[in-house]
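Written out below as structure tokens is the structure these notes cover.
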Amino acid sequence: MSDSDPRNSPERPRSGNQGNGGDPQFNWRALLLLAMAAALIGGAFMYRSPGGTILEVPYSKFHKAVENNWVDRTKPLELVSEAGAINEHIQGWAKFEETAPSEHFRTQVNLQYNSNLRDFLQEHELEANPRADTNVMASTVMGFLPVAMFLLVLYFLFRQQIRSAGRGALSFGKSKARVMSRDKNKVTFKDVAGVEEAKDELQEIVEFLRDPKRFQKLGGHIPKGVLMVGSPGTGKTLLARAIAGEADVPFFSISGSDFVEMFVGVGASRVRDMFEQGKKNAPCLIFIDEIDAVGRHRGHGMGGGHDEREQTLNALLVEMDGFDTQEGVIIIAATNRPDVLDPALLRPGRFDRQVTVSLPDVKGREEILRVHAKKVKLAEDVDLAVIARGTPGYSGAELANVINEAALLAARRGLKGITKQELEEARDKVRWGKERRSLAMSDKEKENTAYHEAGHALLGLLLKHTDPLHKVTIIPRGPSLGSTMYLPLEDKYTQRKNELLDRLVMIMGGRVAEEIVFGDVTNGARGDINQATDIARRMVCEWGMSDKMGMVEYGEHQEHVFLGRDISRSRNYSEATAQQIDHEVHGLCDHAYQQAKEMLTARRETLEAIAKALLEYETLDGSHIREIMDTGNVQNPPVPPPRPSNQPPPLRSARSETPEVTDLPPGLSGATA
């Protein structure tokens, strides 16, 4: 189960010229309008510009043509006068060279200066028929029509672009909520696994939406809002969609960031519009994902508050307090940072109920794996219960990724089904990263990494209160050059002091092994030092596991840091107490280091045997390390994983780099080099 479930996702109706794939198609209608406007403009210019069809000639050429009898007598000769014009025109057909063909000509004349024109024409037996050109309206219309058509084309083009963009110039304040109709929403509680308690709490909402009168009859009312809190990937969004699918009601989905815009007041307007849409479609569900983007604590900011976000939050508070649950509109929100939300948002009457969506236990992980395994082909000998026990601390999204990575790996190897080996490799890849076999490491660095990981592995088996050893490898994986992996036998929700002390000793094993064998140390223990310091400081400051400091919490410890709030807080203990805390933390780490040094020095031969086996086989399981401790060598050598036939040979890097290491996620113990 994951938040990013690949099922039918809600989509907004497409507007504009959108194809099936969402890409804009060619706008033929706009092109046709543009061509019509161009044709009209060209026609108008042709009409208004006589030079395009009639030859303009001076009066001297016309005089010569008349004298030489070059005027075509078969076609009429006209004396055209235009309203409002001083000059007149003679229009007809003539040739102006002896061998040239006849042309349609036009000659400008002024009867005031050419008073003998009529006599001149009569001498040559010609007569100019007078004609008045008074079609002013047609000329005006033809002059204005192209401009009007061009403006009309621009209007259609801009309107089309605005529609295709999905947001008009006046639609900034409209809600961006995506509506999932009842036909499209096929997700139900059967598709959600691993969060049975959360489903039980949300079942009341489903029953209310199905039969509201059942609750109204006794005077009770359903919560106005439900806030789902949980780590990323635990299935909060999928749960909300399942509620809508079970209740068979419209489902509005929007993200908290969709309310925030660059224009002040837009977010508040979108909140009001969203609630108006909800009331029109009641009964319905409104789901706000990542509500912490808009619902952060007011007044806690660097240099003052954010006006736009606070206005949006105020509008959300007013709308949630103003509508009645009898209308059938229920708000569901999801976040993984409830500590930063404004207290007014969490009071009864707004978000009445908080539902915790936690990481799944072993039974829940098995159910989640079965849900995602329906889409792939598994081998007959695959037991998902074994895979579930080997994935403590995995979220629903990570489990879905394990199935997907195993399917891809099996496809690359040309298998007909996913086997247990592909699932285990996918599990390690999702949590610890992909193997980087192409990373060029010198023999000296490989030897140093082998002894480092051997120190972790040996102490992990010698100590009584550590998790069982899963695998040791000197193949670079993720950010580390080598890894020692531990898997607990069962899900753990608490840790004992002896377990933490033994874990400190085990973490120190890598640096101690380097010092014992080489007499020198490297920077590969950076991640180990980070883990050890964090555990020791929490033992002293948070968990009351220091005899000297007692059962007192030093500092206000939160799971997440909220800079706008925490930066203004001062330390609640003195400098002398701070020195004592540092002394206790230093003492825990030093004691663990000395204990690790004594144990590895006494088992020097076993340490070297494990390191040599790692140099030979690169990866060893926990059973192989136990064989070395019992017999001195590996009795059942590991089988290398099959390589795909089309895989190219690994590339060698031109230089060797030592990547930085990071701490392992909570839920799995381990050490990296």
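The values are calculated or read from the model by the stated rules, or taken from the named source; none is laboratory data. Fair warning: this is a prediction, and the values are worked out from it, not measured in the lab. Don't worry about glycine lacking a Cβ; one is built from the backbone with ideal geometry, like all the others, and counts go over all protein chains shown. Only protein heavy atoms, including side chains, enter the accessible area calculation; ligands, DNA and RNA are left aside. Shrake-Rupley method; radii C 1.70, N 1.55, O 1.52, S 1.80 Å.
Being over 14 Å from Leu285 (Cβ atoms) and not in a loop (DSSP other than H, G, I, E, B) is the filter; apply it to region 204-226 and report the residue that is least open to solvent (accessible area, probe 1.4 Å). Once the filter is applied, the top-ranked residue is Phe215.
Looking only at residues in region 186-196 that are in contact (Cβ under 8 Å) with a residue 60 or more places away in the chain and not in a loop (DSSP other than H, G, I, E, B), the one that is surrounded by the fewest Cβ atoms within 10 Å (Cβ to Cβ) is Glu196.
Select from region 420-431 the residues that are closer than 24 Å to Pro479 by Cβ and in contact (Cβ under 8 Å) with a residue 60 or more places away in the chain and write down the one among them that is surrounded by the most Cβ atoms within 10 Å (Cβ to Cβ). Result: Arg431. Residues in region 280-303 that are modelled with pLDDT of 85 or more and hydrophobic (A, V, I, L, M, F, W, C): Ile286, Phe287, Ile288, Ile291. Scanning region 236-257 finds one or more residues that are open to solvent by 10 Å² or more (accessible area, probe 1.4 Å), under 16 Å from Gln203 (Cα atoms), at pLDDT 80 or above and polar (S, T, N, Q).
Of all residues in region 490-539, those satisfying the criterion of being exposed (fewer than 14 other Cβ atoms within 10 Å of the Cβ), within 38 Å of the chain's Cα centre (by Cα) and without any contact (Cβ under 8 Å) to a residue 40 or more places away in the chain are Tyr493, Thr494.
With respect to Ser442, is the statement that it is at pLDDT below 85 and more than 30 Å from Leu600 (Cβ to Cβ) true? Walk me through it before giving the result.
On the way: at pLDDT below 85: yes; more than 30 Å from Leu600 (Cβ to Cβ): no.
No, not satisfied.
Out of the residues in region 536-570 that are of a type in the set (Ser, Thr, Tyr) and out of contact with any helix residue (DSSP H, G or I) (no Cβ under 8 Å at 6 or more places or on another chain), state the one that is modelled with the highest pLDDT. For region 536-570, the residue satisfying everything is Ser570.
Conditions (1) in contact with a His (Cβ under 6 Å, 6 or more places away or on another chain); (2) closer than 23 Å to Phe259 by Cα; (3) touching a residue at least 60 places away in the same chain (Cβ under 8 Å), marked per residue:
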residue	(1), (2), (3)
Asp321	no, yes, no
Ala344	no, yes, no
Leu359	no, no, yes
Val386	no, no, no
Gly396	no, no, yes
Ala407	no, no, no
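For region 56-105, the candidate set comprises residues that are open to solvent by 80 Å² or more (accessible area, probe 1.4 Å), assigned to a loop (DSSP other than H, G, I, E, B) and among the hydroxyl-bearing types (Ser, Thr, Tyr); within that set, the residue that is nearest to Pro130 (Cα to Cα) is Thr74.
Of the residues Leu409, Leu399, the single one that is farther than 28 Å from Glu201 by Cβ, at pLDDT 90 or above and buried (at least 19 other Cβ atoms within 10 Å of the Cβ) is Leu409.
Residues that are of a type in the set (Gly, Ala, Ser), at pLDDT below 90, open to solvent by 60 Å² or more (accessible area, probe 1.4 Å) and within 18 Å of Pro232 (Cα to Cα) occur at least once in region 338-358. Does Gly349 satisfy the criteria of being under 30 Å from Asp292 (Cα atoms) and touching a Leu at 6+ places or on another chain (Cβ under 9 Å)? For Gly349, the condition - under 30 Å from Asp292 (Cα atoms) and touching a Leu at 6+ places or on another chain (Cβ under 9 Å) - is not met. Against the numbered list (1) more than 22 Å from Ala198 (Cβ to Cβ); (2) open to solvent by 30 Å² or more (accessible area, probe 1.4 Å), Gly417 comes up short only at (2). Criterion applied to Asp273, Asp200 was being farther than 12 Å from Ile332 by Cα, acidic (Asp, Glu) and either buried (at least 16 other Cβ atoms within 10 Å of the Cβ) or within 19 Å of the chain's Cα centre (by Cα) (or both), and the one residue passing it is Asp273. Restricting attention to region 465-500, the residues being in contact with a strand residue (DSSP E or B) (Cβ under 7 Å, 6 or more places away or on another chain) and among the charged types (D, E, K, R) number 3. Flag not set for Leu409, criterion: in contact with a Lys or Arg (Cβ under 7 Å, 6 or more places away or on another chain), outside any loop (DSSP other than H, G, I, E, B), more than 19 Å from Tyr617 (Cα to Cα) and not small (Gly, Ala, Ser). Ile387 meets all of the listed conditions (1) surrounded by 20 or more Cβ atoms within 10 Å (Cβ to Cβ); (2) farther than 30 Å from Glu425 by Cα but one, namely (2).
Residues that are within 30 Å of Val517 (Cβ to Cβ), polar (S, T, N, Q) and out of contact with any helix residue (DSSP H, G or I) (no Cβ under 7 Å at 6 or more places or on another chain) are absent from region 394-409 altogether.
Only residues that are surrounded by fewer than 20 Cβ atoms within 10 Å (Cβ to Cβ), assigned to a helix (DSSP H, G or I) and among the small types (Gly, Ala, Ser) were counted in region 258-269, giving 1. Can you say whether Gln277 is part of a helix (DSSP H, G or I), modelled with pLDDT of 75 or more, among the polar types (S, T, N, Q) and under 25 Å from Pro338 (Cβ atoms), as far as the supplied structure shows? So Gln277 fails the test.
Given the criterion under 21 Å from Gln531 (Cβ atoms), open to solvent by 10 Å² or more (accessible area, probe 1.4 Å) and assigned to a helix (DSSP H, G or I), identify the matching residue among Asn448, Asn404.
Asn448
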